[in-house]
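Take a look at the structure set out below.
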Amino acid sequence: MHYTKIDMDDYYRKDVFRHFSEDCRCSVSITNKVDVTELYNFSKKTGTKFYINFLYILAKVLNSRDDYKLAWHEGELIVYDKIHPTQYIFHDDTETFTIAYTEYNEKYDVFYNNALKDLLNAKETREYGLDLKNHPNWFDASYIPWISYESLHIELPDGHLYFNPIINWGKFKESESRLWMPVTVRLNHAAADGYLVALVYKLMEKEINLLCK
């Protein structure tokens, strides 16, 4: 785990950061429908798992800008070199989850194989496996496959300066020959505003097109 301290005098969002970390501590989240038709077709064509392919897209997007890799560490704002997805693997028989930590790698094949291995290993245990102490630079990536929802809210205490992204997505639906999947992006408002949250969706489109071309 490597990180760099942010020089607050030169930080381009310093005034906004101060306001939303001192005066009005809150988070911002958006739920939006993402066109995943090409990613679904790519998964079928290559015999790969759509879930892991989307997880790769998500990790690549969130590692593309420092704004998504911020943290509050020992009273200072830092930016991690990388952040990694925390998977939540559901067990149908016990209706519980096991956490799987998968390290992000920009190389698609490397990430895919590692994520698949982590997923299969998690299916073999019923332990929750939460380990925040050794995984500070990890973001939540949680799939909700049972419904195609319209909105979702993750609430954290206003006074808690938690900057790690929290991403949820649900079951996709077909509409006018396209597949649309609800994706919710939650970020601390001190670290991100509506533009930066909306940009996640724009970058998803870009990365899906790059992977599937």
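Here the Karplus relation 6.51 cos²θ - 1.76 cosθ + 1.60, evaluated at θ = phi - 60°, turns the backbone of the stretch 122-133 into coupling constants of 5, 5, 8, 10, 10, 6, 5, x, 5, 9, 5, 4 Hz, with x for every Gly and Pro. Shown for the stretch 36-83: the carbon plus sulfur share of the solvent-accessible area, taken with all protein chains present and a 1.4 angstrom probe, equals 45%. Taking the 0 to 90 degree range and rounding to the nearest ten, how far is the long axis of helix 37-46 tilted relative to the main principal axis of the chain, both from C-alpha atoms? Rounded to the nearest ten degrees, it is 50.
From the Cα gyration tensor of the stretch 29-94, with a ≥ b ≥ c the square roots of its eigenvalues, which class applies: rounded if a/c is under 1.5, or else prolate if a/b is larger than b/c, or else oblate?
prolate
Axis angle, to the nearest 10 degrees, between helix 50-62 and the longest C-alpha principal axis of the chain: 20 degrees. Of the residues Cys212, Pro157, Tyr68, the one whose Cα sits farthest towards the positive end of the charge dipole of the chain is Cys212 (charges of +1 on Lys and Arg Cβ, -1 on Asp and Glu Cβ, taken about the Cα centre).
Rolling a 1.4 Å probe over the protein heavy atoms gives the stretch 1-115 an accessible area of 52 Å² per residue. Since only Phe172, Phe90, Asn121 are under comparison, the one whose Cα sits farthest along the positive direction of the charge dipole of the chain, derived from C-beta charges on Lys, Arg, Asp and Glu, is Phe172. By DSSP, the beta bridges lying fully in the chain are antiparallel in about 75 percent of cases.
Rounded to the nearest whole Hz, the Karplus-based 3J(HN,Hα) values (6.51 cos²θ - 1.76 cosθ + 1.60, θ = phi - 60°) of the stretch 197-210 follow the sequence 5, 4, 4, 4, 5, 4, 5, 4, 4, 4, 6, 4, 4, 5, with x at glycine and proline.
Taking the centroid of alpha carbons for each part, the stretch 159-212 and the stretch 33-100 are 10 Å apart.
Accessible area of the stretch 96-201 with a 1.4 Å probe: how many percent of it is carbon plus sulfur? Kindly include the intermediate steps, with their values, before the conclusion.
Values: 2960 of 5660 Å².
The computed percentage sits at 52.
Taking amide H as placed 1.01 Å from N in the peptide plane, Ser27 has its amide H under 5 Å from the amide H of His189, each at least 5 places away in sequence or on another chain.
Taking amide H atoms as placed 1.01 Å from N in the peptide plane, the amide H of His73 lies under 5 Å from those of Ile78, each 5 or more residues away in sequence or on another chain. Each residue of the stretch 109-120 is assigned a 3J(HN,Hα), and the resulting list reads 4, 5, 4, 4, 5, 5, 5, 5, 5, 5, 4, 5 Hz, derived from the Karplus form 6.51 cos²θ - 1.76 cosθ + 1.60 (θ = phi - 60°), x at Gly and Pro.
The values are calculated or read from the model by the stated rules, or taken from the named source; none is laboratory data. All values derive from a computational prediction rather than experimental measurement. For neighbour counting, all protein chains shown are included, and Cβ atoms are generated from backbone atoms with ideal geometry for every residue, glycine included. The protein model used for the area step is the full one, side chains on, heavy atoms only, and it has no ligands, DNA or RNA in it. Shrake-Rupley method; radii C 1.70, N 1.55, O 1.52, S 1.80 Å.
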